[in-house]
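Undergrad: I have a structure here, written as structure tokens, and I will follow up with some questions on it.
The values are calculated or read from the model by the stated rules, or taken from the named source; none is laboratory data. Since the model is a prediction, treat every value here as computed from it, not as a measurement. Cβ sites come from the backbone with ideal geometry, for glycine too, and all protein chains shown count toward neighbours.
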Amino acid sequence: MFALVDCNNFFVSCEKVFRPDLEERPIVVLSNNDSCVIARSNEAKLLGIPMGAPLFEIRHLIKAYNIETLSCNFELYSDISRRIMNVLQSLQKNVEIYSIDEAFLELDATINWAEEGDKIHHQILKYTGIPTSIGFAPTKTLAKLATSHAKTLGSSYYIDHTPPYHKFLKATSISKIWGVGAKLTKSFKQHGICNAYDLMTADPSWVRRNYNIVAERIVRELNGFSCLPLTLVQEQKKSLQITRSFPHPIRDKENLKQIAARFGMRLGFKLRELSQKTSALTVYTQHSFSGDQSLFFQQHTVVLADSTNTTSVIIQQVQEIIENFFSPNTDYQKIGIIATDLREENLPHKHALFDSSKALSNKPNVDKVMDEINKRFGLGTIHPLSCAQSTEWVNKSHNKSPAYTTNWTNLVHVKAQ
């Protein structure tokens, strides 16, 4: 049996943990630069605010209904997510972390799913304050459907392919099935397949001939045959990217180099966290020339002699790239750094003819110390001197909550009277 644990309105729920005054109020969480809606409370959903709505289009609703608007705080959300996954891993051995707010569990088929669902829900609520919806089923695809229905019920839910659940499957639109996108939905409907029951009763061989093996697996999963086992070991990433658009165009080269250094520091931190190294770095920009409204795209790649995850090396390389391609009288509106050709940190590799690794090995492990301090006190607590100090380029976050769980200076103050 599979279970899918899904956190309810996760970003909003994270904010409510430290803001009890937000209970039962319409809330929206905004993306970088406070540009569009990426999360909504149930109250905001009832007001008809769609996911992805640009902020300027819903200002009249915000004013009319006194909607609380919050800037995204991914540092807080990521830490609470980590705590939730730790709770799940303490309760169950087989846990697949599917996303920041979802996880699949594999359970014994004889287990009492209702009791187990209540146990998981209460443990997560007790240790993190986050409400969850939990769906149980013999396959992951059915568990996804069960979880979506559990959200409406406010309790755990179980479904399978047997007759007692056919009514539910007939009421479930084909577009609600995990793995069925807009294009596939349109094609299925042209063949009279409009709901989950229609797809479940379709001939798997016909589906494979007319579509592909992925679509056939969905059909078999709906019929109770598990085709998607739990992924207990996460696949190594093929690339990593840090990118941001600026609130205002940047024309100063040194400022741009400082921003690139800041991104390089974050990239190095992520690589070390994943125990990976990169052998190629790409810097790309989006810009326009003075007086020109057209946007231009520029990209430069450097292949490294030795794979690395050392912050100083990454910063040096990306700053050299900017030094080479920077053009005056150009309004830079976006910059991104991509690490590609990733490999495991401990994987043996060929060294350059004049290898500098021996010289580097005699130096203290500055990155390790920096990582430990930043993990404990918040990212950016300590950083290389070359990183950006000005706030000119920082994204707009007018209503960002504190990093309550990762930064000592943001701890909640409690006073006894």
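Undergrad: Inspect the stretch 87-110 for any residue being crowded, with 17+ Cβ neighbours inside 10 Å and assigned to a helix (DSSP H, G or I) and give the result as yes or no.
TA: yes
Undergrad: Determine whether the stretch 315-333 contains at least one residue that is within 29 Å of the chain's Cα centre (by Cα) and part of a strand (DSSP E or B).
TA: yes
Undergrad: Next up: Looking at the stretch 248-274 only, could you name the residues that are crowded, with 18+ Cβ neighbours inside 10 Å and in a strand (DSSP E or B)?
TA: 250
Undergrad: Test each condition in (1) under 30 Å from residue 201 (Cα atoms); (2) at pLDDT below 85; (3) among the β-branched types (Val, Ile, Thr) for residue 218 and report the one that comes out false.
TA: Every listed condition holds for residue 218 apart from (2).
Undergrad: A further question on this structure: Return yes when residue 344 is at pLDDT below 55 and surrounded by 12 or more Cβ atoms within 10 Å (Cβ to Cβ) and no when it is not.
TA: On the way: at pLDDT below 55: no; surrounded by 12 or more Cβ atoms within 10 Å (Cβ to Cβ): yes.
Criteria not met by residue 344.
Undergrad: Given the structure, is residue 394 surrounded by 11 or more Cβ atoms within 10 Å (Cβ to Cβ), at pLDDT below 85 and assigned to a loop (DSSP other than H, G, I, E, B)? Before the answer, list the steps.
TA: On the way: surrounded by 11 or more Cβ atoms within 10 Å (Cβ to Cβ): yes; at pLDDT below 85: yes; assigned to a loop (DSSP other than H, G, I, E, B): yes.
In short, yes.
Undergrad: Pick from the stretch 275-291 the residues that are assigned to a strand (DSSP E or B) and of a type in the set (Ser, Thr, Tyr): which of them is farthest from residue 75 (Cα to Cα)?
TA: Restricting to residues being assigned to a strand (DSSP E or B) and of a type in the set (Ser, Thr, Tyr), the top hit is 288.
Undergrad: Then there is this: Go through (1) of a type in the set (S, T, N, Q); (2) surrounded by 17 or more Cβ atoms within 10 Å (Cβ to Cβ); (3) closer than 26 Å to residue 97 by Cβ and name the single condition residue 33 misses.
TA: Condition (3) is where residue 33 drops out.
Undergrad: Next question, about the same structure. When the residues of the stretch 132-186 are filtered to those that are assigned to a helix (DSSP H, G or I), touching a residue at least 12 places away in the same chain (Cβ under 8 Å) and small (Gly, Ala, Ser), which remaining residue is surrounded by the most Cβ atoms within 10 Å (Cβ to Cβ)?
TA: Among them, the one singled out is 143.
Undergrad: Take the conditions part of a helix (DSSP H, G or I), among the β-branched types (Val, Ile, Thr) and under 29 Å from the mean Cα position of the chain (by Cα) and apply them to residue 219. Does it pass?
TA: yes
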